[in-house]
């Protein structure tokens, strides 16, 4: 019995060590200076800097690719109807990307997929490209890019967003 009391007393002493020593804390809080920001704010700021850097890299790569693809489209002698359909498809991709709050990488990747498809399809002479084919390809490219990048991807039916 005495042994059990000694164990319970020992546990109580351990619990007292876990309590906060509020006597050592000052009752008046000091305002935070700029040099002593909480760690989570500093980490958040670093994450935002990394995201902006990543976005800048993506946009510069897209600019390089756009220049290359523009020359390829001119050399491929694409019809004005297909070029116009591509522009509408890119507008639609950006609208859906914004509506579903996808990342910028998803938009860039889906436009890249679309351009690669258009260039590869253009080499086929047995089947001329139609505007509805570009629209269908845009849906497929966005869906594929979202599945590669995003965590939650809506169904194809839910990707329908009007441009109004």
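The values are calculated or read from the model by the stated rules, or taken from the named source; none is laboratory data. All of these numbers come straight from a predicted model, not from anything done at the bench. All Cβ positions, even for glycine, are placed from backbone atoms using ideal geometry, and neighbour counts span all protein chains on display.
Among the candidates 139, 111, 148, single out the residue that is under 23 Å from the mean Cα position of the chain (by Cα), outside any loop (DSSP other than H, G, I, E, B) and more than 17 Å from residue 92 (Cβ to Cβ). Selected residue: 148, the only one of 139, 111, 148 that is under 23 Å from the mean Cα position of the chain (by Cα), outside any loop (DSSP other than H, G, I, E, B) and more than 17 Å from residue 92 (Cβ to Cβ).
Every condition in (1) surrounded by 14 or more Cβ atoms within 10 Å (Cβ to Cβ); (2) closer than 30 Å to residue 50 by Cβ holds for residue 147 except the one numbered (1).
As a summary of the residue check, residue 102 satisfies the conditions (1) in a helix (DSSP H, G or I); (2) modelled with pLDDT of 90 or more; (3) under 24 Å from residue 60 (Cα atoms) except for the one numbered (1).
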